[in-house]
Amino acid sequence: MSSDLVPSTSTLSNHYEPQESTQSLLSGRGSGLSSFFSYSFMYRWTLIFCQSCSGTENLVCMYSSSRYLQMDDSGVYLTSLAVTVLISAIAIIGILLFTLVITLAILLASCQSKPDVVVKQGTRPEMGVDVCRSFVLNFELNNIQGNNVFPSMCEEYVFQYMTSGQYENDVNGAIKAADSCLISAVVNGDGLDTVIMDVDETALSNFPYFSTFQRRSMMHNVSAWNHWVEEAKSPPLIPTLKLYHKLQNHGLALIFLSGRQENQRNSTVKNLLHAGYSGWTMLIMRTKDEMQMNVQAYKSKQRLQLESMGLRIKGVIGDQWSDIRGPAVGNYTFKLPNPLYNIL
């Protein structure tokens, strides 16, 4: 290379002092940018001397060896690597923010979807249990006896149970169990093999009557109940009605053993016939003297009398424990659910 094209070292140091070069290159970008780059990065400068195409002019080309910034005589600009890193960081932050928003939205929706009606039905949120459901279970298991212990907070729970379809499903399950056992019973064909059924909430449903009352304590209005019985409008419990006809076809005698008063016989017969029951062997109802007995004692007495007549009791079906407890209950006993009332 010709010596007249290469300046001396002193000349270079005078014209391209690193500090001055940095200032001059960044001055066009603004004082703030100049200060930022001057104090944030350490640059290593390399001077390259290029000859123009015309060969008459010397050019000085400068560049920074930084991975993120490039400099030449036209100024400072970001490298492709720096742009990639910056875009990636923005994308990651955006994804994290989007995920956070979606998560919060889902949590908020799940909180809003929880019904508050369960609290009305007796749920204790702090315990995570449903006290009314537990009460009804123990009520059915006969662990809670009597008519005056039903908590008022659970009345809505009971009526919802009766109307939601769960009650019908539970009745159907109990009747299926009775079907599987009683249909397999050996029948001698002499008319003495019998099944005993209760009437109310077993053969007939009085829920239309009970549903007119908002409080359980109002259900036991004697005058209103007697009027309902006289109307003879109780519909049948369909699963029981189907089992009734099936047992008849199997050769079993059907006996109704009711806790109703004898003076209600005509309306009870009318109601049973209207509901689809016919061809029963007996309909036993309480006499005036027997009204002083509790139901379990009265029904036990009647079953013992039936056995003394030579009848063979294959099974007993009722909705109360007093229907199926005591002597002479036969080979099988089946209790249908009834959370409305408890008769001792």
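I need the full set of residues from region 292-339 which are among the hydroxyl-bearing types (Ser, Thr, Tyr) and farther than 23 Å from residue 136 by Cβ, in order please.
Let us first name the residues in region 292-339 that are among the hydroxyl-bearing types (Ser, Thr, Tyr), namely 298, 300, 308, 322, 332-333.
Residues satisfying the conditions are 298, 300, 308, 332.
To keep it simple, each residue is scored yes or no on (1) under 18 Å from residue 323 (Cα atoms); (2) of a type outside the set (Gly, Ala, Ser); (3) exposed (fewer than 14 other Cβ atoms within 10 Å of the Cβ); (4) not assigned by TED's automatic domain parsing to the domain that holds residue 231.
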site	(1), (2), (3), (4)
260	yes, yes, no, no
271	no, yes, no, no
281	no, yes, no, no
292	yes, yes, yes, no
298	yes, yes, no, no
301	yes, yes, no, no
Q. Across region 202-226, which residue is farthest from residue 306 (Cα to Cα) among those that are out of contact with any helix residue (DSSP H, G or I) (no Cβ under 8 Å at 6 or more places or on another chain) and either modelled with pLDDT of 95 or more or outside any helix (DSSP H, G or I) (or both)?
A. 212
Q: Give me a count of the residues in region 294-319 that are outside any helix (DSSP H, G or I) and modelled with pLDDT of 95 or more.
A: 11
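State all residues of region 151-167 that are without any contact (Cβ under 8 Å) to a residue 60 or more places away in the chain and either surrounded by 15 or more Cβ atoms within 10 Å (Cβ to Cβ) or not in a helix (DSSP H, G or I) (or both); if no residue qualifies, say none. Full working, then the answer.
Initially, region 151-167 is screened for residues without any contact (Cβ under 8 Å) to a residue 60 or more places away in the chain, giving 151, 153-154, 156-157, 159-160, 163-166.
Of everything in region 151-167, those that are without any contact (Cβ under 8 Å) to a residue 60 or more places away in the chain and either surrounded by 15 or more Cβ atoms within 10 Å (Cβ to Cβ) or not in a helix (DSSP H, G or I) (or both) turn out to be 151, 153, 154, 156, 157, 159, 160, 164, 165.
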Q: Read through the list (1) buried (at least 21 other Cβ atoms within 10 Å of the Cβ); (2) touching a helix residue (DSSP H, G or I) at 6+ places or on another chain (Cβ under 7 Å); (3) without any contact (Cβ under 8 Å) to a residue 60 or more places away in the chain, then give the number of the only condition that residue 327 fails.
A: (1)
Q: Among residues belonging to region 132-187 that are under 28 Å from residue 294 (Cα atoms) and acidic (Asp, Glu), point out the one that is modelled with the lowest pLDDT.
A: 155
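Somewhere in region 236-254, is a residue part of a helix (DSSP H, G or I), at pLDDT below 95, over 17 Å from residue 195 (Cα atoms) and in the same structural domain as residue 197 (by TED's automatic domain parsing)?
At the first step, the residues of region 236-254 found to be part of a helix (DSSP H, G or I) are 238-249.
If we keep only those that are at pLDDT below 95 as well, we get none.
Looking through region 236-254, none of the residues is part of a helix (DSSP H, G or I), at pLDDT below 95, over 17 Å from residue 195 (Cα atoms) and in the same structural domain as residue 197 (by TED's automatic domain parsing).
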Q: Give just the number: which of (1) under 38 Å from the mean Cα position of the chain (by Cα); (2) under 14 Å from residue 197 (Cα atoms) does residue 300 not satisfy?
A: (1)
Q: Any residue in region 229-256 that's surrounded by fewer than 18 Cβ atoms within 10 Å (Cβ to Cβ): show its pairings with residues that are in a loop (DSSP other than H, G, I, E, B) and among the β-branched types (Val, Ile, Thr) at Cβ separation under 7 Å, as long as the two are six or more apart or on different chains.
A: 246/183; 250/183; 250/187; 251/187
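The values are calculated or read from the model by the stated rules, or taken from the named source; none is laboratory data. Nothing here was measured: the structure is a model prediction, and the numbers come from that model. Glycine gets a Cβ as well: all are built from the backbone with ideal geometry, and neighbour counts include every protein chain shown.
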